[in-house]
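The values are calculated or read from the model by the stated rules, or taken from the named source; none is laboratory data. This one's a predicted model, so the numbers in the text were calculated from it and none came from an experiment. Positions of Cβ are generated from backbone atoms using ideal geometry, with glycine treated the same way; all protein chains shown enter the neighbour counts. Each accessible area value is taken on the protein alone, full model and side chains, heavy atoms only, with ligands, DNA and RNA left out. Shrake-Rupley method; radii C 1.70, N 1.55, O 1.52, S 1.80 Å.
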4 protein chains.
Amino acid sequence: MATISFSGIFPPLPTAFDNNENLLPDKIRFNIGKLSRYDLSGILILGSNGEQVMLSEKEKIAAIEAARDALPAGRILLAGTGCQSTRETISLTRASAAAGADAVLVLNPFYYKGNMNQGELVRHYFDVADASPVPVLVYNMPANTGMDMTAPMIIAMAEHPNIVGLKESGGNVVKMGEVLGKAKPGFQVLAGGAGFLLPSLAMGAVGGILASANIAPGHCIEIYNAFIAGDITRARDLQHSLIALNAAVTARWGVPALKAAMDHLGLFGGHVRRPLLPLNDEIRKQLVGMMGEKGLILYKEN
Amino acid sequence: MATISFSGIFPPLPTAFDNNENLLPDKIRFNIGKLSRYDLSGILILGSNGEQVMLSEKEKIAAIEAARDALPAGRILLAGTGCQSTRETISLTRASAAAGADAVLVLNPFYYKGNMNQGELVRHYFDVADASPVPVLVYNMPANTGMDMTAPMIIAMAEHPNIVGLKESGGNVVKMGEVLGKAKPGFQVLAGGAGFLLPSLAMGAVGGILASANIAPGHCIEIYNAFIAGDITRARDLQHSLIALNAAVTARWGVPALKAAMDHLGLFGGHVRRPLLPLNDEIRKQLVGMMGEKGLILYKEN
Amino acid sequence: MATISFSGIFPPLPTAFDNNENLLPDKIRFNIGKLSRYDLSGILILGSNGEQVMLSEKEKIAAIEAARDALPAGRILLAGTGCQSTRETISLTRASAAAGADAVLVLNPFYYKGNMNQGELVRHYFDVADASPVPVLVYNMPANTGMDMTAPMIIAMAEHPNIVGLKESGGNVVKMGEVLGKAKPGFQVLAGGAGFLLPSLAMGAVGGILASANIAPGHCIEIYNAFIAGDITRARDLQHSLIALNAAVTARWGVPALKAAMDHLGLFGGHVRRPLLPLNDEIRKQLVGMMGEKGLILYKEN
Amino acid sequence: MATISFSGIFPPLPTAFDNNENLLPDKIRFNIGKLSRYDLSGILILGSNGEQVMLSEKEKIAAIEAARDALPAGRILLAGTGCQSTRETISLTRASAAAGADAVLVLNPFYYKGNMNQGELVRHYFDVADASPVPVLVYNMPANTGMDMTAPMIIAMAEHPNIVGLKESGGNVVKMGEVLGKAKPGFQVLAGGAGFLLPSLAMGAVGGILASANIAPGHCIEIYNAFIAGDITRARDLQHSLIALNAAVTARWGVPALKAAMDHLGLFGGHVRRPLLPLNDEIRKQLVGMMGEKGLILYKEN
């Protein structure tokens, strides 16, 4: 299996819905077309920002196909395929690869937290990786799953030849360091949040899958490029100025805020699926205010 | 809408699978037939112990139909229908009612924890209750969801005429008291764990949906009956002696232990779906040892 | 060593300070004099509500002496003596007994949470109990300590002949049941919060040490008496109506609210020590409003 | 007030006790003498590793005096002075400055977690900073306090002219970035754990107060120097190789392990105060094994 490099910046694309919460594949294509004018390494479809857990399997495949269709050659299409059961994760992984995903990002099962010990989780990832026609990235997202996979778990998973990396969204840079120090050479760690992109790169991450890359792709890419060029001061200034807006569209107000910000910038944000609700006017105004802060390099039509 | 009384004891039935993890509707029927010789008020199909999050919609309906088929007249069939999106929860709720569920138990959406404020959750439950042809029970299960709905949320939900009760699995008896003191008269609280059945009854709960009722139905019913008869001393002794075994088949080892215990007692436990794994021999032996402890009134063939 | 019965209700008395945060032993005497007209089993001096962690050792002894002086014969004087080190806990325990405490309530050390395993904690309590001239009650208070002692820890501690009971403030009634089912006969559990008094009694607790007993002593005593008399319905109604006010003076607004409520009722509340700050006017008004709610039996001058 | 630069590496010195847990000021001097041959910026006396919460005020002052006495000119003496009450914190802060501390590190009060909102905490730090004759560093240590001060709290504290920096021990690099982006220019952030030193430096921290600097001072200093020299690759390799040992002497086994490691290396570790217990033989052997791992630059006698 040829190695894919996941270096650089990936936006986890929101999934587009109309006012009745129905899927709009065309708007997925529209957003990818717009964002692809930036030097992004690829995109993630059906991550946490993609409301994956709200979609039917049929919708998931339609979203992947739309993304594949719109993504320029040479860019990587990552698809989120983690489900609560191993069997459904395998089935969705295979279907996603068939629909064009270059690699899959697999969130761990988490409903039965009390049973999700290392034995169960490593077995799960090994079973999925055995069955997957494409490389597998492990996805740790404690804010949503309510559990946090440990470094020893990830290091054990990395022994499988088809498990090639980790998206760490908990911001635990110590864990990243422990994994990078002990996992097989070439195991790739990706920052899962723009708020800790630079520290992650310093620790050895190869890039990031960042909600903010949907609305500030140039900003994220510049942090990455400045770091690679050895300009820590520039990278740090850009890092500091991104934190507040990134928090707004992730931990603070979540997907509804990310979609509202995209709408504001000329991308397609659109509706969220309930139980998520659109931002109220007051928060929307605050969000727009934050987008006007100095030092931000936001997405621009051109 | 006629009021259903949920007084008494309900087992949350595990879902039966063969060695390849395929659904066995016959074994659901078998278990219900066996358990129905006890004075249970009904059963819950597709709760947390029923591996609901692991099943396809088609399998869920097949499980409900099997349960309906096997459950004697006069017993209540509860079905777990909570999904991450409002639209899927509504669709499954309607299909479950059509398949024979007398009421639905709706776990809250929890993936987007950061957004699950009172506004979103009350709206979700109201939308589901509006659409549901049968009464709705709210289901709070923090150990699995990683979040804990508060008393004010539940009290607000209780204002909907079709939201008739709460299954509280977090063991928070203060919350039960606050809800019972402020929600509409007749709102029914059910203990969600056998370890706190008696204290819940003291606080005003009408009964319980209890994993232990699958393996010690008589024991659970006797606690309930002793309490109703005013024999607190008897109820307390029974309560104390159930705690260790109940912890073993819930928080400690979970569904694999519940199924192993059922197998041991002549019921059908069978396989779990991965990522869950069967108990190893050492733990199975410990579990069997615990089932031999004094004071337990276990399920018995006759 | 003669057994002390801790049955019934104990208020954990706030410690009185003047406007400069200096100790007022006279006001401790005043409050005890007033409260002792109720049928309380005793009082706790220097609990969490007593701002124990804010006092010098000299102040602690002065507070105990004032309490001993004011408490009528036949009432039990409990003193909180838990410190972070074993040596300081022993020293304070001995001094407290010398100053008149009938028993000590020992909060677990918690600063080095990561090291506070069963070995360390049992050793600590055994060392303290060996050195204590009076009986020792274990005190678990997770909201303040940030850790939660488990049932197996408590059961192991109960093997010491001078460790005679547990104040459980976490509201975990399952833990109470597990402890009562497995600890030595006669081990006494006390509810540490008025919000879960009745469920605790149902589970086998002998009484409670309750912040609300400072402002609603009659209410707490009536719950206890109704339960003992077998009148669960009456006990439950009283329990429900106490929950909101109790939450206000504990988890929600804490010691500043408890002191404000005492001031409002004609007892001496007075200042808190910084970093605690007095209630602002808005919250004070809400608190007074809650004290007017139906069903509450508040402290009354007469 | 002249600005002190806290750039570079500080060990948080353990406090030396004999077999009866009595303070050994001579051994404090011994350790400082040994460690001062490294290019450390200073030392912290009475931090979490110094068992501060276990010491009497008299012992605290004796420890500071010993440290002052032994520390070479030009090195900074930091003293930990946070207590639960504002008044005791002020008193200890003044006494510490009088005993020779150049600056104080003030852990937040945390016992009354539920009341420790921004208003209380900012007022506390302002009161302490007003009274302190030396500069104040804020100390956030969630693993021990059970609470986590937020970026907005720290930013508000930084408005006081005598509050000059933050030791962040929670490893939250996003918070560091938010603070550095919004606090007054010159506000200094120090990493509170060696596991995240490099990422913290990348984010803008000026140095670290690191348990590992007691046993691997040269290793910590080399990470710092490599980073300053722009050699991220070298810094990263050193960072990765330090993580496991650092975890062992902090989160995993804590102060007993740190002291055992010091004993092993020819420094004085000695006893801990109960409830802490010395390492058992098995863990001690594991610890010694870890100290033999490749890539570690441990403390060495001259």
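Annotations
- Where a residue in the range D:47-58 is without any contact (Cβ under 8 Å) to a residue 40 or more places away in the chain and its partner, wherever it lies, is open to solvent by 20 Å² or more (accessible area, probe 1.4 Å), with Cβ under 7 Å and at least six apart: D:Val53/C:Gln84
- Among the residues making up the range A:207-218, those that are within 14 Å of chain D (Cβ to nearest Cβ) and either part of a loop (DSSP other than H, G, I, E, B) or not hydrophobic (A, V, I, L, M, F, W, C) (or both) are A:Gly208, A:Leu210, A:Ser212.
- A:Ala129 of a type in the set (Gly, Ala, Ser), farther than 30 Å from B:Ser91 by Cα and out of contact with any strand residue (DSSP E or B) (no Cβ under 7 Å at 6 or more places or on another chain): no
- The set of residues in the range C:131-144 being within 14 Å of chain D (Cβ to nearest Cβ) and more than 23 Å from C:Leu180 (Cα to Cα) consists of C:Ala131, C:Asn144.
- Boolean, A:Gly114 is modelled with pLDDT of 95 or more, open to solvent by 10 Å² or more (accessible area, probe 1.4 Å) and in a helix (DSSP H, G or I): yes
- Test for C:Lys184: is it in a helix (DSSP H, G or I) and either open to solvent by 20 Å² or more (accessible area, probe 1.4 Å) or under 30 Å from C:Tyr112 (Cβ atoms) (or both): no
- Qualifying residue in the range C:192-199 (condition: part of a helix (DSSP H, G or I), within 14 Å of another protein chain (Cβ to nearest Cβ) and either out of contact with any helix residue (DSSP H, G or I) (no Cβ under 9 Å at 6 or more places or on another chain) or charged (D, E, K, R) (or both)): no
- The one condition in (1) in a loop (DSSP other than H, G, I, E, B); (2) in contact with a helix residue (DSSP H, G or I) (Cβ under 9 Å, 6 or more places away or on another chain); (3) surrounded by fewer than 22 Cβ atoms within 10 Å (Cβ to Cβ); (4) small (Gly, Ala, Ser) that D:Gly82 fails to fulfil: (3)
- D:Tyr125 among the aromatic types (Phe, Trp, Tyr), within 14 Å of chain C (Cβ to nearest Cβ) and open to solvent by less than 10 Å² (accessible area, probe 1.4 Å): yes
- For the range A:48-63, a tally of residues being closer than 11 Å to A:Leu92 by Cα and more than 11 Å from chain B (Cβ to nearest Cβ) returns 3.
- The range D:228-253, subset open to solvent by 70 Å² or more (accessible area, probe 1.4 Å) and under 25 Å from C:Asn115 (Cα atoms), residue nearest to the other protein chains (Cβ to nearest Cβ): D:Ala251
- Considering C:Pro256, C:Pro275, the condition of being farther than 20 Å from C:Ser200 by Cβ and either hydrophobic (A, V, I, L, M, F, W, C) or in a helix (DSSP H, G or I) (or both) is satisfied by C:Pro256 alone.
- Residue count for the range A:1-49 satisfying the condition of being open to solvent by less than 10 Å² (accessible area, probe 1.4 Å) and either in a strand (DSSP E or B) or among the basic types (Lys, Arg) (or both): 10.
- Tally of residues being more than 15 Å from B:Gly171 (Cβ to Cβ), assigned to a helix (DSSP H, G or I) and either open to solvent by 10 Å² or more (accessible area, probe 1.4 Å) or aromatic (Phe, Trp, Tyr) (or both) across the range C:134-176: 6
- Checking B:Glu222 against (1) surrounded by fewer than 24 Cβ atoms within 10 Å (Cβ to Cβ); (2) farther than 22 Å from C:Met176 by Cβ, the condition it does not meet: (2)
- Of the residues making up the range B:178-203, those that are in contact with a Gly (Cβ under 7 Å, 6 or more places away or on another chain) and over 27 Å from B:Glu51 (Cα atoms) are B:Leu180, B:Phe187, B:Met203.
Yes/no per residue for (1) within 14 Å of the chain's Cα centre (by Cα); (2) closer than 17 Å to B:Ile43 by Cα; (3) without any contact (Cβ under 8 Å) to a residue 60 or more places away in the chain:
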site	(1), (2), (3)
B:Lys167	yes, yes, no
B:Lys182	no, no, yes
B:Gly192	yes, yes, yes
B:Ala211	yes, yes, no
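- Test result for D:Ser96, open to solvent by 10 Å² or more (accessible area, probe 1.4 Å), part of a helix (DSSP H, G or I), more than 28 Å from D:Ile228 (Cβ to Cβ) and of a type in the set (Ser, Thr, Tyr): no
- Residues that are more than 14 Å from C:Phe17 (Cα to Cα) and charged (D, E, K, R), drawn from the range C:249-302: C:Arg252, C:Asp281, C:Glu282, C:Arg284, C:Lys285, C:Glu293, C:Lys294, C:Lys300, C:Glu301
- Conditions (1) crowded, with 23+ Cβ neighbours inside 10 Å; (2) within 11 Å of chain D (Cβ to nearest Cβ); (3) more than 19 Å from C:Gly208 (Cα to Cα): number failed by C:Leu107: (3)
- Single residue of the range B:267-290 satisfying the filter (in contact (Cβ under 8 Å) with a residue 40 or more places away in the chain and away from chain A (no Cβ under 14 Å)) that is most open to solvent (accessible area, probe 1.4 Å): B:Phe268
- Of all residues in the range A:50-79 being part of a loop (DSSP other than H, G, I, E, B) and not hydrophobic (A, V, I, L, M, F, W, C), the one that is least open to solvent (accessible area, probe 1.4 Å): A:Glu51
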